[in-house]
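Let me begin by presenting the structure, written as C-alpha cells, before commenting on it.
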Amino acid sequence: MPGSTSAFKITLKNGEQSAARKCFVVHRDRISDLAGWRKRPDRFYFNRLFDPWIRKEFDVIPATTVTNLPAHIRDVLISRYEYVVAEREVVPDLTDTIRLCDTCEKWCPPAETVQCDRCKKFFHMGCVNPPLLAKPSRGYGWTAQAEDKRACRERARTARKDRTLAEKEENVEIKHFKMWPFRYFGRTLDPDDLIFPRAATRVGPKYQATVPAAPGTENAYIAGGDSTIEVLSLVNKMSTAEVETLEAYKLTLTRNEKLRSSVDWLTEVTFRLTEAWSNRRDFHTVNMRSPMRLEKFKKSETRYTDREWSNEEIAAFEDAIAVHGAELRPVRDEVGTRSMPEVVRFYGHWKNSKLREETSGSGPRDSGTDEKIKAPSRAVSPDEEGSVVKEPGKGNTSCGACRTRESDVWWKAPKGLPTNVLCDNCGLSWRKYADLNIRPMREETLVKKSGDKREGTPLNGPSAKRAKTTSSVQSTPPPAGPSAPQLRCVACQKNGPTGKVLRCRQCQFRVHAGACGVIVDPATVESWVCDLCQNEKTLEASLISDCLLCPRMRRDPKKKMIYPPPDSFLRACKPTEGQAWVHVLCSVFIPEVMYSDSSRLRLVEGISAIPQYRWSNKCTLCDRDDGAVIQCSECPAEYHVSCALKHGHKFGFEIQGVKASKRDTTTIVEFKDRTGQMVPVVICKGHVSHRRTLYDLCDTNEFGETALQVYCKNYKQAPTAHIHGLLRKARRLDKILNTHTPDGSAASSVDGDAQASAEPHCYRCKTEFSPLFYPATAQGAQAWLCHKCHAETRESHPVTNGIGSS
C-alpha cells in the first residue's frame, strides 16, 4: 500500500525463509533530504499515479494543500484522506485560494463559474446581470458589466501554501478511510465522487446504463431489463431443482477434465445455460461445439477461449522471448499469427509452466552452469536475480544511460537504449523510480572522435594536462544478447526479421512477404526466389518483364535484356493470364485490375477492362501518353504508378466511413482501430499538409496481415467461385466488340453481307472464323487479324486504346 510501511518475507530457492524486511514508501513532500533518502536501502517515494486500465497519469498531492474548496468539504477531506489524486491540469485549481462569487460570496465550482477578464474576480453564471447561459468560447474573454464592477478596483492576490518540511519518514502515520489513503478529486470537484480515477472518454450517456429502479426499490438494477446490460449469469434466481439440473447437465457437455476446470469454459457454459433459462428453453438445447460467441457490444463473433497453440507457434514464441524478454509487442510480431491479448495470456501460462518445472526439479539443468557463472561483487537478493546479467561478456560494453564502462553489477536495460544493459546506479534508479538520466549521443560521438577517454573527463580540456589513470575495479560488461537478423524492405524502407522480410537468393531482392503475395514456408525461407528469377528457370511466362501498365521501354535489340533493379519495389512483378508481366504496385493501385488468387497476387486479369481515358491521358511526370495513369487523391494531376514511385509520391490505404444506406452494397473491412471502406491513395509529395490517415503498404494488423494483403483480399479478388476464368475473359472480350481500332476505323464483324462478300481471313493463322476481324498492314498491303492473334499482339505490344490480352 503506497503511503505506508510494509514488511514482506523472501523465500529462497532452497525453501528457507530469510528474515522479514521492511520497505518504506512515502510521498515526495514528506522527504526533507531526498538525496539521503535515495541512498538508504529499501526506500521509495511517489508523487504520481498511473492507471494502466485507462492509460492515464495523475498527480498525487497532499490533502492539506487543497484550498479551493468550501470549509466543510475541506475539513471532511483532510480528516479522511491523506492524499488527493487529480489530473495534472486540475491541480492548480485545487491548490489555488478559495474562489468565492463576488456577488453572493459563495464558493464557485469551475463548471458554474466565469472569471472577469479585467478584475480577475469570479462570479456564478447566474449571479451576473444578465445571467450567462454558457461560458465564452475558447479564445474569448468575459468582462463584468457596470453593476458588477464594484470589486474591480483591487485585484485579488493569490497565495499558495508553502510546502512544509517533512517529518520523520519511518514513523509517519498515514490516514486511511475505508482502507484508502487516496481520494480522487477530478474535473468536477464533486464531493461525492468515486475514489477511482476516471477518463473523460468514459463519462457521458453513451457509456452509462440508464436503468429504471424496480417498484419498491431504489438504485437497483433490473437483470436483463436494459439493452446496455449483458447478463452473464442468473443462477441466483433459479430454483434449487433447476440449479441441480444445470450442474448435472454441465458435466455432460465435455469429458475433458482439464476443460471442466477452465475458467473460460465454465464462464461460457454458465452464460449459455442462463440465456436458455431466460428464453424458457430446455437445458438440453445448449451445446459447446462452437467456440465462438457474439457479444452484445461487438460486431462480429469472437472466441470465448484461445485456440490451441501449434508447435511452430510455441517455437517462435520461445525464440522471441529469448531475444526480447518480456517485451511482448515484438514477440507478437515474431509469432505473427496471434493477437496481442492471446500473446499476453499465453505468456502467463507459459511462465507458470516454467516456474512449475523449476520448482519440481523437472526442468533441464546444465551441470556446469553454476561453475561458469561469475557472481557479482555486490550481494544480489533472490528477487533481483531475474533482472541481473550474471555472465560477463567480452568487449567494451557501456551503460545504456550514463555510458559508464565500470560497474559491480549489470542490469537488463529497457528497450530503446543504445545498449541492452545498465550500470548498478542507473539500474536501481530505473527499478525504483522508472527514472533514467540518459546521456546524449552527441557527447558519445565527441568522445570517440577525441580518442579513448575515461568517463567524466572534460571534452574541451587540454589533452596534455590529463593524467592517464587506471581503475582498480574491473568492469564486467555483459555479453551482447542474440538478435534476430534484420532485413530492410524496399517497399516500406523498414527493417524486419527474416521470415517477415524475404530476400531473393538469386538477385538479393528484399521485401515483406505480405507485400508481394508470398505465403511463407519456414522450411524454404532461405531458398526463396522472386517471381522473375523463378521464371528464368521455369519459363512459364514471357522473358520480357516489361509491365503492360507502364510506358513501353525503348531498348536496343542488340543489348542484353534489362530487368528491374533489386533495390526498387518495381522488381516485384506478377504474371498475367496472357503470360506477360505487370508490377505488383501497378496492379494494386489501378482499380480495374483483379487477381485470380488474391492471396498470392496472381494471375493478373482485367487489363482489357481498363477504360480508354487511362490509356490516352498524358503522364504529368514523364510526359508520355502510353501506359495506364491514375489520379492524385489531392489534386487533378495524373501519372503512371511507376513514375509516382520513382518521384517519391506517398502510397497508402485509407479507411473511409460508409453511410448507412450504402453498407449493404459496400465491402466493410476492419484494420487496426478503424472500420470502413479501404481505399488506395496516392498523394503527390508536394501535398505535405494533407489530413488523411494513411496506412503504409507493410503496416500489419493484430493478425500479422499487411494493409496491402487486406485490401487485395477484400477488393481485388476475381469471382472465381462460380465463374470460370475462360468465361470471365470472354465477358471482358464482349465489351470490346463495339470498340474502335487504333486508326479510328470501326472493327469488322462476321455478321452482315459485306463481311461475307469480302471473306476476310487472318493473315497469320489463316483462319476464316472469328467473332471480330481487325485491319492490319502486312508486307505493305491491307490485311486482317483475327481476334485471337490481335489479342496476342496487344499482349506483347500494348497500345493506348485500352485493348489488351486480358
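Here is how the numbers come out for the structure above:
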{"quantity": "For peptides 39-49, 53-63, sequence by mean Cβ density within 10 Å, most packed first", "calculated": "53-63, 39-49"}
{"quantity": "Other-chain or far-sequence residues with amide H under 5 Å of Gly652's (modelled H)", "calculated": "Val681"}
{"quantity": "In the stretch 496-547, GluC sites (Glu not before Pro) in a DSSP loop with at most 13 other beta-carbon atoms within 10 Å", "calculated": "Glu526, Glu540"}
{"quantity": "Between the stretch 26-70 and the stretch 493-534, the alpha-carbon center distance in angstrom", "calculated": "52"}
{"quantity": "Amide H within-cut-off set for Ala491, under 5 Å, with H built and near neighbours excluded", "calculated": "His512"}
{"quantity": "Restricting the stretch 294-353 to trypsin sites (Lys or Arg not before Pro) in coil, as DSSP defines it, with at most 13 other Cβ within 10 Å", "calculated": "Lys296, Lys298, Lys299, Arg307"}
{"quantity": "Between the stretch 571-593 and the stretch 231-279, the alpha-carbon center distance in angstrom", "calculated": "55"}
{"quantity": "Per-residue HN-Hα couplings for the stretch 277-285 [Karplus 6.51, -1.76, 1.60; θ = phi - 60°; Hz; x = Gly/Pro]", "calculated": "5, 5, 8, 6, 9, 6, 5, 6, 7"}
{"quantity": "Extension gain, Lys618 back to Tyr140 (0.36 nm per residue minus Cα-Cα distance, nm)", "calculated": "166.9 nm"}
{"quantity": "Relative contact order [Cα under 8 Å, 6+ residues apart], the stretch 311-358, whole percent", "calculated": "27"}
{"quantity": "Two-site label geometry, Asp734 and Asp96: point separation in nm, points 7 Å out along Cα→Cβ", "calculated": "7.5"}
{"quantity": "Alpha-carbon centroid distance for the pair the stretch 313-356 / the stretch 650-713, whole angstrom", "calculated": "29"}
{"quantity": "Relative exposure of Met292, Met125, judged by other C-beta atoms within 10 Å (fewest first)", "calculated": "Met292, Met125"}
{"quantity": "Neighbour-count ranking [beta-carbon atoms within 10 angstrom, fewest first] of Thr524, Thr706", "calculated": "Thr524, Thr706"}
{"quantity": "Built amide H within the under 5 Å cut-off of Val389, gap 5+", "calculated": "Trp410, Trp411, Lys412"}
{"quantity": "Efficiency of FRET from Cβ geometry, Ala248 and Thr666, R₀ 51 Å, rounded to 0.05", "calculated": "0.55"}
{"quantity": "The stretch 418-427 - phi-based ³J(HN,Hα) in whole Hz, Karplus 6.51/-1.76/1.60, Gly and Pro as x", "calculated": "x, 10, 9, 9, 10, 6, 5, 5, 5, x"}
{"quantity": "Fewest-first ranking of Tyr433, Tyr695, Tyr563, using other Cβ atoms within 10 Å as the exposure measure", "calculated": "Tyr433, Tyr563, Tyr695"}
{"quantity": "Test item: Cα-centred dipole of the stretch 486-715, Lys/Arg +1 and Asp/Glu -1 on Cβ, debye", "calculated": "600"}
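Each value in this text was obtained by applying a stated rule to the coordinates, not by laboratory testing. Not measured: the values here are computed from a predicted model. Cβ: placed from backbone, ideal geometry, glycine included. Neighbour counts: every protein chain shown.
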